[in-house]
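Presented below is the structure to which this report refers.
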Amino acid sequence: MAHTRSAIVPVPPPPCSGSLVLSFANWLICRFFALLAAASLVACSPTNHAIDALDKAIGELGKPSANWHAVVLSLGKSLPQSSQNLIAADLDRIAQRGLASSPPDGRCDPNLIRARVRQELGRIRIRLDPRNPPLKPAPLVAVICEPSPAVFDLDRCVRDIDLYGHDLDASAMVLLIEGVSGQVREVEGGVGDAGGQVLTIPSASLRLSEDDAKIVVRAKGSERDMALIDVVAPVRPPPAQALSSAARKVDEVITHLDGRTFGENRGVTYGRNCTPGHQRSECSVQLVRGNGQCEPAWVDPTNESDCRCRVQFKLSAYESLDCRVRVTERAVLKPQVARKKLVCG
């Protein structure tokens, strides 16, 4: 019987095998596949998953109609387990801070919260990779959304004033008291040494009296007012006294406002406590130019000696107006009953 031998066909080594002298073309092919493999590893890394998800969320929060809470929840759910460890704690902190500031329990406007959340996501994104961020890096400026109470009533003298906002730093603020006659004094000790989303000011430290008109919170080294709180004198039955017919001006100003992108709904206080021997007469508004509403009302309707008028301006988006506000008082023919200087604190 004839025996046949199987033919053994040699298998050539791969182009990148070290047993062959690489040609230039083979070297290019090897180099291409090596770079492709490296790029694939990088693209699949947890950091890049997180960066891609952050970029998408930052883009969505750039829209005024975006629901910031839904975007943050969706961001957390979209991350694979390998990426969650990078930013999960940060996302939880951002969500909790935003919910604490949201109505009805919080005091901040939803658009402001959306913008702050977008900024914070931008800071996380830059921390992971500072190259080509979708949002330029910017410091988070402290903002007070609302003081509570918004008006300090000397008849009640509440124990504390709470300031609600974002990134509040007591050491960067100064507390001022503006008097009825326009003089300003700084409160020793400022607003304390706390920070975060709520600052509490003990009212006893303010030593407020009927000579005071406003509590002002201002950024240190700046003329920027962060919060204004009107001080209202106690309510006393007005004496039955005749007024002269001649009215004199307490305040007269033309206010210009722009509605910009989101419109405007802002209250502005004019005037002051009436001059001793006088009582308020009239607060009138006149729409000089533009479209919108100017609605006046006395700060304290029950106190005839309070010549402060608060005007509520309402504008639609991209509208503007000029409104003339005039506050007057009338002299009392008979002497005023002496007022007791009440002090809170």
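The values are calculated or read from the model by the stated rules, or taken from the named source; none is laboratory data. The structure displayed is predicted, hence computed values, not measured ones. Ideal geometry is used to build each Cβ from the backbone, glycine not excepted, and the neighbour counts take in all protein chains shown. Heavy atoms of the whole protein, side chains included, go into the accessibility calculation; ligands, DNA and RNA do not. Shrake-Rupley method; radii C 1.70, N 1.55, O 1.52, S 1.80 Å.
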Extended-chain gain in nm, criterion 0.36 nm per residue less alpha-carbon gap, ASN265 and ALA150: 39.8 nm
Residues whose placed amide H lies under 5 Å from that of ASP212, excluding near-sequence neighbours: VAL180
Size of electric dipole in the range 269-332: Cβ of Lys, Arg +1 and of Asp, Glu -1, about Cα centre, debye, nearest 20: 140
Probe 1.4 Å, all protein chains present, accessible-area order of LEU135, LEU91, largest first: LEU135, LEU91
Residue-count net charge about ILE58 - beta-carbon cut-off 9 Å; Lys, Arg +1, Asp, Glu -1: +1
For ARG185, net neighbour charge (Lys/Arg +1, Asp/Glu -1) across residues whose Cβ lies under 12 Å away: -3
Cut-off under 5 Å, modelled amide H: who pairs with GLU304 long-range: none
Cubic angstrom per residue, convex hull over Cα atoms of the range 50-175: 129
Theoretical FRET efficiency, 1/(1+(r/R0)^6), r = Cβ-Cβ of LEU128 and TYR318, R0 22 Å, to 0.05: 0.05
Long-range tail of P(r) for the range 136-180 (Cα pairs > 14 Å, %): 64
In the range 162-236, GluC sites (Glu not before Pro) in a DSSP loop with at most 16 other beta-carbon atoms within 10 Å: GLU188, GLU223
Net charge over other residues, Cβ less than 10 angstrom from the Cβ of VAL174 (K, R count +1; D, E count -1): +1
Sequence-distant residues sharing a close amide H with CYS145 (under 5 Å, placed H): TYR164, GLY165, HIS166
Estimated vicinal HN-Hα couplings, Hz - the range 292-297 in sequence order (Karplus 6.51, -1.76, 1.60; Gly, Pro = x): x, 10, 10, 10, x, 7
